[in-house]
Structures are given as C-alpha cells and as structure tokens.
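The values are calculated or read from the model by the stated rules, or taken from the named source; none is laboratory data. What you see is a predicted model; the values in this text were computed from it and never measured. For neighbour counting, all protein chains shown are included, and Cβ atoms are generated from backbone atoms with ideal geometry for every residue, glycine included. Just so you know, the surface numbers come from the protein's heavy atoms only, side chains and all, with ligands and any DNA or RNA stripped out. Shrake-Rupley method; radii C 1.70, N 1.55, O 1.52, S 1.80 Å.
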Amino acid sequence: MELQVTFLSPIEPTDLVRQSFPFTYMYLTANATDGANHSVQVYSDITAEWVSGGSGSEVTWSTTTSDDLVYHQVQLASPSPMLELDDQAEDATVYYAIANGPNMTWGSGPYDSIRGQFQDFSSGRLSNTEDRNFRVLTMEAQMPSHEICS
C-alpha cells in the first residue's frame with residue numbers, strides 16, 4: 001500500500017497572505033501497489049493544547065455533525081483577547097473538520113480513551129460520541145478525533 005499525506009499550511013515567511021490563513025489542510029490518498037484490494041484505516045487527532053500556550057485553563061468544546069461534515073470546535077472557557085502565552089494566542093478557537101461519510105467515525109474525550117477505541121482491533125472504530133465533561137488544559141484534555149475506514 002502507498003499512503004500519501006499532503007499538508008498545506010501557511011508556512012511561507014515572505015507571503016503575508018498565506019501566513020494569514022488560520023488553518024491547515026491535510027489530504028490523504030491510498031493506493032494499492034500490488035493490484036489487490038486492501039482495507040485501510042486512518043486515524044487523526046489533535047489535542048486542546050492548540051488553544052493555549054500553558055496549562056491550567058479550562059477548555060470547552062462542541063461537535064457538530066451533518067450528512068456532509070463533522071467538525072469539532074475547541075476553545076478556552078475564558079479566553080483573553082490580545083494576550084499571548086509562550087507565543088500562542090489566548091483567544092484562539094480550533095476547528096477540526098472532515099467530510100462525513102459511511103465509513104467515517106469520530107469521537108472526543110481524553111486521549112487514552114479515544115486512541116484506545118481505535119486501537120481495539122475487534123472494531124477499530126470510534127464511538128461517534130461527544131465527551132461534554134469540560135476539563136482544565138492538561139495532557140488529558142479534550143481530543144477531537146476522526147477515523148476513516150474503507
């Protein structure tokens with residue numbers, strides 16, 4: 001199998017327009033190199049650490065689903081506009097989105113729980129449930145996740 005992962009991020013120091021894009025794209029393609037059919041699962045996640053430069057602040061999140069899209073929104077419970085901590089904005093909101101489809105599952109919650117669902121080889125699927133137990137930003141904080149199986 002050949003798995004190609006393509007990222008597009010505004011990492012162009014001389015292009016201020018691209019630097020102003022507040023998002024990153026990730027595009028995946030999988031191709032059989034032997035001509036046979038294969039089952040492929042891809043797991044992707046982020047942690048709530050994207051919304052703050054430090055720990056100890058409460059984070060909140062929500063998940064929105066439709067026939068076409070699933071997205072997670074993560075932010076600080078009490079953002080501080082125009083403030084940075086360790087070069088990271090303290091009023092950021094992260095959106096983590098993917099096209100919805102018949103073989104796509106999602107989840108949110110502590111990283112060990114979510115990753116454990118995917119690593120469970122009997123199913124390898126996420127539960128399509130949202131953890132609404134908001135927490136203080138630590139390594140166990142919110143983790144929106146997506147899994148695609150085909």
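Every condition in (1) under 16 Å from the mean Cα position of the chain (by Cα); (2) within 26 Å of Arg115 (Cβ to Cβ) holds for Asp86 except the one numbered (1).
Selection of segment 83-102 for residues being open to solvent by 40 Å² or more (accessible area, probe 1.4 Å) and touching a residue at least 40 places away in the same chain (Cβ under 8 Å) yields Thr93, Tyr95.
Determine whether Ser80 is modelled with pLDDT of 90 or more and loosely packed, with under 12 Cβ neighbours inside 10 Å.
Values: modelled with pLDDT of 90 or more: yes; loosely packed, with under 12 Cβ neighbours inside 10 Å: no.
Considered against the rule, which asks whether it is modelled with pLDDT of 90 or more and loosely packed, with under 12 Cβ neighbours inside 10 Å, Ser80 comes out as no.
Listed by first and then second residue, the pairs with beta-carbon distance under 7 Å, at least 6 apart or on different chains, first residue in segment 130-145 and basic (Lys, Arg), second at pLDDT below 60, are Arg135/Ala141; Arg135/Gln142. Thr105 passes every criterion in (1) crowded, with 17+ Cβ neighbours inside 10 Å; (2) more than 13 Å from the chain's Cα centre (by Cα); (3) in contact (Cβ under 8 Å) with a residue 40 or more places away in the chain apart from (2). Please work out if Ser44 is more than 28 Å from Phe134 (Cβ to Cβ) and open to solvent by less than 100 Å² (accessible area, probe 1.4 Å). Spelling it out, it is not the case that Ser44 is more than 28 Å from Phe134 (Cβ to Cβ) and open to solvent by less than 100 Å² (accessible area, probe 1.4 Å).
Do we find that Tyr111 is at pLDDT below 85, open to solvent by 60 Å² or more (accessible area, probe 1.4 Å) and closer than 20 Å to Arg135 by Cβ in this structure? Break it down stepwise before answering.
Values: at pLDDT below 85: yes; open to solvent by 60 Å² or more (accessible area, probe 1.4 Å): yes; closer than 20 Å to Arg135 by Cβ: yes.
Against the criterion (at pLDDT below 85, open to solvent by 60 Å² or more (accessible area, probe 1.4 Å) and closer than 20 Å to Arg135 by Cβ), Tyr111 qualifies.
For beta carbons closer than 9 Å, sequence separation of 6+ or different chains, a first residue in segment 17-42 that is more than 30 Å from Thr93 (Cβ to Cβ) and a second that is of a type in the set (D, E, K, R) and surrounded by fewer than 10 Cβ atoms within 10 Å (Cβ to Cβ), the qualifying pairs are Ala30/Glu2; Asn31/Glu2; Ala32/Glu2; Thr33/Glu2. Is it the case, given these coordinates, that Thr29 is hydroxyl-bearing (Ser, Thr, Tyr), under 20 Å from the mean Cα position of the chain (by Cα) and modelled with pLDDT of 85 or more? In short, yes.
Report yes if Gly56 is assigned to a loop (DSSP other than H, G, I, E, B) and closer than 25 Å to Arg132 by Cβ, otherwise no. Yes; evaluated as a whole, the condition is true for this residue.
I'd like the full set of residues that are of a type outside the set (Phe, Trp, Tyr) and either assigned to a helix (DSSP H, G or I) or modelled with pLDDT of 90 or more (or both), limited to segment 114-126. Give the derivation first.
First, the residues of segment 114-126 that are of a type outside the set (Phe, Trp, Tyr): 114-117, 119-120, 122-126.
Result: Ile114, Arg115, Gly116, Gln117, Gln119.
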